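Let me begin by presenting the structure, written as structure tokens, before commenting on it.
The values are calculated or read from the model by the stated rules, or taken from the named source; none is laboratory data. Quick caveat, the model's predicted, so the values are computed rather than measured. Cβ placement follows ideal geometry from the backbone for every residue including glycine, while neighbour counts extend to all protein chains displayed.
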Amino acid sequence: MLTNCLGAILRPGAMLIALLTLGVPAVAQQVSLAVLQPPSAIQPSSMEPAPIVAAVQPTTLPEAPSHRFWDRENSVLFATSAALSTADFFVTRANLQSGGQELNPVTSVFGRSSAGLAVNFIGENVGVIGISYIFHKAGHHKLERAVSMLNIGSSAAAVTFDLTHR
């Protein structure tokens, strides 16, 4: 019964769509008045070629300011990242030993022992320094620093969450 009702509703709509679809090509085939004019009525100025565009000379961008990888700002960022990862390690370890659960799926693989947890957080810091170095060598100095800042923010959020949900 539901099929009959839907068929009765959809059938007129399908017919309308078919008529509109078939009618569009017929309207598109109208003849232009310019084609009906005799060749003598066409202006010779309309047959001139388009003007040539002048070539643009490439400009060189100034060299981005470079810095050493282990400059003061990166050293502070890496030290802060390591300190917050250490705090995250101790808070997470205490939370897991008191019956809590690890919400990070990557850390939960390593969270069965203190040594595994330490390997996870050390690997996190080595990864941050490695990715920052890749961005440094590629000349992406803002991204180089953003990786450390992102890790600092995530570690600070994890420590705050773990301390408030003991």
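For residue 81, the stated conditions do not hold, so it cannot be described as assigned to a helix (DSSP H, G or I), within 20 Å of residue 141 (Cα to Cα), free of Cβ contacts under 8 Å to residues at least 12 places away in the same chain and not aromatic (Phe, Trp, Tyr). Residue by residue through segment 38-77, note down the ones that are of a type outside the set (D, E, K, R), within 30 Å of residue 148 (Cβ to Cβ), at pLDDT 70 or above and outside any helix (DSSP H, G or I). Of everything in segment 38-77, those that are of a type outside the set (D, E, K, R), within 30 Å of residue 148 (Cβ to Cβ), at pLDDT 70 or above and outside any helix (DSSP H, G or I) turn out to be 62, 65, 66, 67, 69, 70. Given the condition assigned to a helix (DSSP H, G or I), of a type in the set (Val, Ile, Thr) and either under 23 Å from the mean Cα position of the chain (by Cα) or at positive phi (or both), answer yes or no: does some residue in segment 94-116 qualify? Looking through segment 94-116, at least one residue is assigned to a helix (DSSP H, G or I), of a type in the set (Val, Ile, Thr) and either under 23 Å from the mean Cα position of the chain (by Cα) or at positive phi (or both). Within segment 133-155, the only residue that satisfies the criterion of being basic (Lys, Arg) and within 13 Å of residue 78 (Cβ to Cβ) is 145. Residue 130 meets the conditions (1) surrounded by 16 or more Cβ atoms within 10 Å (Cβ to Cβ); (2) at pLDDT 95 or above in every case but one. The failed one is (1).
Test residue 109 against the criterion of being among the aliphatic types (A, V, I, L, M), surrounded by 16 or more Cβ atoms within 10 Å (Cβ to Cβ) and farther than 16 Å from residue 147 by Cβ, and give yes or no. It is false that residue 109 is among the aliphatic types (A, V, I, L, M), surrounded by 16 or more Cβ atoms within 10 Å (Cβ to Cβ) and farther than 16 Å from residue 147 by Cβ.
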